[in-house]
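Peer 1: Please find one structure pasted underneath; my questions will follow.
No lab work stands behind these numbers, since they all come straight from the coordinates. Just so we're clear, the structure is a prediction, and the values are computed from it rather than from any experiment. Neighbour counts are summed over all protein chains in view; Cβ atoms, including those assigned to glycine, are modelled from backbone coordinates with ideal geometry.
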Amino acid sequence: MIFSSELIKGTLKTIVLKLLADNKKMYGYEITQKVKELTNSKIEITEGALYPTLHALEADGLVITELEYIGKRVRKHYKLTPTGKSKTKEKVSELVEFMNTMKIILDINLQTA
Amino acid sequence: MYHLSNNQVDFILDDIKKRGIQIESLQQNLLDHVCCMLENEMKPDDDFEKIYSITIQKFYKNELYEIEQETNYLLTFKNFYFMKKVLILSGIAAATSFVLGSIFKIMHWPGSLALYMMAMSVSSFLFLPLLFLIKNKELKNLQEKLVLASGIIVGMLYCTAVVGRIVQLEFAKNGILWLIYIGFAFFVFVPLYFFTGIRKPEMKINTIVVTLLFIIFISSQFLMVNLQPLLGGLWHINK
């Protein structure tokens, strides 16, 4: 089963931040591949969602970029800033809390159904 | 692993630019991403242009510049919640100033003019523009956006006309600004509002009632306009 883009959209920032926290620095293509590998292709991050999110994270000062020149192209490696590191912890615990709450709601619905 | 030549990299970059990606940083991101995909997926005897056109289509639903639109959208509205808070606060400030100004006026206390001025200025230059930015984002339909835009213009014209009268601005003195506001509201905003709302079955009655209220309100405002200074010349000739 592949999860719908609506579900992924709300958690994309958290996924990217957590991956960067675990891997020090990553570039766009690497992030999409890593997510695919970790989730057995259940979550596929599209380029159309990833890059706008990375730009927003950069504008918020949560990530910085390091440039690597490969022939005629430039590869941008994304790294967490100190603010980004604390924000990652905050976002991950928020998501855990959310998942626990969802579990409660769904259990209740299952019982009443 | 396939290795892309400099010409192929240039070709991809040109194509990304031609497809409407203007932010340089985003061009670099997409270029590297496409190159990585091609280098990992292409075989030496594959047709480069054919594989490229298949690969780039995976990046979007309709057009590639959707990615740039989404980026701009996220960058513009990263302060969305802050904007909403300012909207609410400015609305409260404008309403409070208006009510206080009215009380001051009834009691003949000094300062009612300043309070009216503040209410109208905050509404016109902070509350209404912010309301437009926030609501416009939520609306998908072009006609609804036009109704919103014309409504905001009516609101701004109304506030400016009131402020103009209070401080006796030259261009507002003879009532021309009032007439512009009333004319725009009556001939642009009301028809747009009516014909947009009437098409939706669930909004039909609501639209008719609100349109009638608008017409009554605008007509009563028109009755308050002293036409004599505007039609002075004509008046004189007729006499």
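Peer 1: Along the Cα→Cβ direction, 7 angstrom out, place labels at residue B:213 and residue B:45. What is the inter-label distance in nm?
Peer 2: About 7.5 nm separates the two model spin labels.
Peer 1: Which pairs break 23 Å Cα to Cα here: A:25/B:61; A:25/A:87; B:58/B:135?
Peer 2: A:25/B:61; B:58/B:135
Peer 1: Could you state the principal axis extents of the C-alpha atoms in region B:121-188, from the largest down, to the nearest angstrom?
Peer 2: Sorted largest first, the three principal extents are 40, 26, 11 Å.
Peer 1: If we restrict to alpha carbons, what Rg and Dmax does region B:52-98 come to, in Å?
Peer 2: Over region B:52-98's Cα set, Rg and Dmax evaluate to 19.2, 62 Å.
Peer 1: Evaluate E = 1/(1 + (r/R0)^6) for residue B:88 and residue B:2, where r is the Cβ-Cβ distance and R0 equals 56 Å; express this FRET efficiency to the nearest 0.05.
Peer 2: Given R0 = 56 Å and the Cβ-Cβ separation, E is 0.50.
Peer 1: Counting other beta carbons within 10 Å of each Cβ, put A:7, B:128 in order, fewest first.
Peer 2: Ordered by Cβ neighbours within 10 Å, fewest first: A:7, B:128.
Peer 1: If you don't mind, there's one more thing I want to ask. Among the GluC sites (Glu not before Pro) in region B:1-66, which ones are in a DSSP loop with at most 12 other Cβ atoms within 10 Å of the Cβ? Mind listing them?
Peer 2: Counting only loop positions with at most 12 other Cβ atoms within 10 Å, the GluC sites (Glu not before Pro) in region B:1-66 are B:63.
Peer 1: Let me ask you something else. Put +1 on the Cβ of each Lys and Arg and -1 on the Cβ of each Asp and Glu in chain A; which of A:61, A:95, A:39 then has its Cα farthest toward the positive end of the dipole?
Peer 2: My answer, from the dipole projection, is A:61.
Peer 1: Assuming R0 = 56 Å, what is the FRET efficiency of residue B:146 and residue A:106, from their Cβ-Cβ distance, to the nearest 0.05?
Peer 2: It comes to 0.85.
Peer 1: Then there is this: Given labels modelled 7 Å from the Cα in the Cβ direction, how far is it in nm from residue A:24 to residue A:68?
Peer 2: 1.1 nm
Peer 1: What shape does the protein assembly as shown take by its C-alpha gyration tensor, where a ≥ b ≥ c are the square roots of the eigenvalues and a/c under 1.5 counts as rounded, a/b above b/c as prolate, and the rest as oblate?
Peer 2: prolate
Peer 1: Kindly provide the pair-distance distribution of region B:183-227 built from C-alpha pairs, with 5 Å bins from 0 and whole-percent values in order of increasing distance.
Peer 2: The distribution over region B:183-227 is 5, 23, 28, 21, 12, 6, 3, 1, 0, given as percents.
Peer 1: With +1 assigned to the C-beta of every Lys and Arg and -1 to the C-beta of every Asp and Glu, and no other charges, what is the dipole magnitude of chain B about the Cα centre in debye, to the nearest 20?
Peer 2: That gives chain B a dipole magnitude of about 1840 debye.
Peer 1: Now a separate question. Taking the Cα centre of the protein assembly as shown as the origin, how large is its charge dipole in debye, to the nearest 20, when only Lys and Arg (+1) and Asp and Glu (-1) carry charge on their Cβ atoms?
Peer 2: Once rounded to the nearest 20, the dipole reads 1340 debye.
Peer 1: Further question on the same structure: Using Cα positions and a limit of under 12 Å, work out the aspartates and glutamates in reach of residue A:85, with same-chain residues fewer than 8 apart set aside.
Peer 2: A:22
Peer 1: Loop by DSSP (not H, G, I, E, B), at most 12 other beta-carbon atoms within 10 Å: where is the longest site-free stretch of chain A for trypsin sites (Lys or Arg not before Pro)?
Peer 2: A:43-113
Peer 1: Separate question: What would the Debye formula give as log10 I(q)/I(0) at q = 0.11 Å⁻¹ for the alpha-carbon point model of chain A, no solvent?
Peer 2: -0.41
Peer 1: Within a 10 angstrom radius of the beta carbon, how do B:35, B:159 rank from fewest other beta carbons to most?
Peer 2: Sorted ascending by nearby Cβ count, the order is B:159, B:35.
Peer 1: Roughly how big is chain A's charge dipole about its Cα centre, with Cβ charges of +1 (Lys, Arg) and -1 (Asp, Glu), in debye to the nearest 20?
Peer 2: 400 debye
Peer 1: Considering chain B as a Gaussian network with a 10 Å cut-off on Cα pairs, which listed residue, B:114, B:149, B:94, attains the greatest mean-square fluctuation?
Peer 2: With Cα springs under 10 Å in chain B, the top fluctuation among B:114, B:149, B:94 is at B:114.
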